[in-house]
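The values are calculated or read from the model by the stated rules, or taken from the named source; none is laboratory data. What you are looking at is a predicted structure, and each value in this text was computed from that prediction instead of being measured. For neighbour counting, all protein chains shown are included, and Cβ atoms are generated from backbone atoms with ideal geometry for every residue, glycine included. Heads up: the accessible areas ignore ligands, DNA and RNA and are worked out on the full protein's heavy atoms, side chains in. Shrake-Rupley method; radii C 1.70, N 1.55, O 1.52, S 1.80 Å.
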Amino acid sequence: MSISTEAERIGMQQASDAVAITLKKMREYAKPGISTKELDLYGGKLLKQMGASSAPLLTYGFPGYTCISINEEAAHGIPSADKILKEGDLVNIDVSAELNGYWADNGGSFVLGEDIHGHGQLVEASKEILKKAISNIKGGVRISEIGRLIETEAKKAGYTVIKNLTGHGVGRSLHEAPHEIANYCDRFNTTRFKKNSVVAIETFISTRSTIADTQADGWTLTGNKGGFVAQHEHTIMVTDGQPVIFTSQNGIWD
């Protein structure tokens with residue numbers, strides 16, 4: 001969507017606060033010994049308390065309020081009573097929701113407890129690359145150039161990017177134009193970022209893989225060459241200068 005009124009800006013901010021606060025509190029609630037189902041139910045309760053509705057549930061009939069991906073899972077992990085969190089797990093939580101007709105999206109990967117498996121470096125790279133990408137977005141910038149920046153920074157850090165998972169427009173629905181804000185330079189994409197538009201920018205930084213493959217459950221994605229993936233995501237409004245980060249309350253950069 002493109003924001004043209006103060007009411008629209010407030011609406012987007014309220015929806016973004018709901019997903020950002022939920023993500024932050026879910027991250028704090030996660031601990032070894034609990035299931036991803038328990039963590040998801042907690043997230044669903046938080047969204048409901050703020051008057052928001054789970055976007056994946058509403059839009060796709062996803063079997064959970066949020067997507068929770070563990071270790072080798074790259075994205076869209078289904079919350080399950082059988083998946084028990086353990087010390088050192090690489091955990092990704094993606095929270096998107098609708099509130100009063102506005103939709104917002106955010107996510108973040110983190111290491112649960114002590115970093116006994118050494119995932120911390122990947123997580124930090126994903127965070128920093130997202131920060132650098134967002135700081136370079138303004139009206140008129142080619143979407144493909146931000147993709148080039150993300151992949152270049154990933155390579156510098158010794159990582160790859162997942163090419164078939166992308167950022168996207170958001171606001172009046174979960175996925176809007178521009179539909180593909182890729183993590184690499186798609187030379188066929190000549191689209192530019194537009195001032196006042198709302199987009200969800202996300203990194204998918206991997207230790208090995210370049211494509212995410214759908215598993216037998218029809219939802220969970222894993223890397224085509226194995227390894228691990230870290231994702232971080234903010235919903236922002238493009239301006240002539242630094243973007244407005246609507247989901248800043250999630251604290252993924254704290």
For region 106-165, which whole-number percentage of the solvent-accessible area (1.4 Å probe, protein heavy atoms only) is attributable to carbon and sulfur atoms?
46 percent
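Under the definition of Cα pairs under 8 Å and six or more residues apart, what whole-number percent is the relative contact order of the chain? Write out the running numbers ahead of the final one.
On the way: 656 pairs, mean separation 58.8, N = 254.
Normalised by residue count, the contact order of the chain is 23 percent.
Calculate for the chain the 222 nm mean residue ellipticity that helices alone would give, adding -39,500 (n - 2.57) per DSSP H run of length 4 or more and normalising by residue count, nearest 500 deg cm²/dmol. Working shown, then result.
Numbers: 5 runs with 74 residues, N = 254.
That comes out to -9500 deg cm²/dmol.
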Magnitude of the charge dipole, region 110-254, Cβ model with Lys/Arg +1 and Asp/Glu -1, debye to 20
620 debye
Once you place label points 7 Å from the Cα toward the Cβ at residue 121 and residue 173, how far apart are they in nm?
4.3 nm
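Exactly which GluC sites (Glu not before Pro) in region 1-60 are in a DSSP loop and have at most 13 other Cβ atoms within 10 Å? Walk me through the numbers before you get to the answer.
Working: sites: 6, 8, 28, 38; in loops: none.
In loop regions of region 1-60 (DSSP not H, G, I, E or B), there are no sparsely surrounded GluC sites (Glu not before Pro).
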So for region 1-82, averaging the separation of alpha carbon pairs under 8 Å that are six or more residues apart and normalising by length, what relative contact order in percent results?
25 percent
Order 75-83, 236-244 from most to least packed using the mean count of other Cβ atoms within 10 Å.
75-83, 236-244
Quick one: if the Förster radius is 25 Å, what FRET efficiency do residue 29 and residue 53 give, using the C-beta to C-beta distance and rounding to 0.05?
0.80
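Dipole of the chain, Cα-centred, from +1 at each Lys and Arg C-beta and -1 at each Asp and Glu C-beta, to the nearest 20 debye? Intermediate values should be presented prior to the final figure.
Working: 26 positive and 30 negative charges, 113 e Å.
Roughly 540 debye, rounded to the nearest 20.
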Between residue 213 and residue 187, what is the spin-label point distance in nm, taking each point 7 Å from the Cα along the Cα→C-beta axis?
2.8 nm
How many angstrom lie between the Cα centre of region 95-147 and the Cα centre of region 35-55?
21 Å
Ignoring ligands, DNA and RNA, what percent of the accessible area of region 1-63 is carbon or sulfur (1.4 Å)?
55 percent
How large is the accessible surface per residue of region 60-167, computed with a 1.4 Å probe and reported in Å² as a whole number?
39 Å²
Place the peptides 162-174, 103-115, 139-151 in order of packing, highest mean first, counting for every residue the other Cβ atoms within 10 Å and averaging per peptide.
103-115, 162-174, 139-151
Under the 7 Å Cα-to-Cβ spin-label approximation, residue 152 and residue 240 lie apart by a distance in nanometres of 2.6 nm
Scaled radius of gyration (Cα, divided by 2.2 N^0.38 Å) that region 81-210 gives
1.12
With θ taken as phi - 60° and the coefficients 6.51, -1.76 and 1.60, list the Karplus ³J(HN,Hα) couplings across region 243-250 in order, rounded to whole Hz; mark glycine and proline as x.
x, 8, 9, 5, 9, 4, 5, 5
What label, among (1) 0.94; (2) 0.99; (3) 0.97, belongs to Rg/Rh (Cα atoms, Kirkwood Rh) computed from the structure on display?
(1)
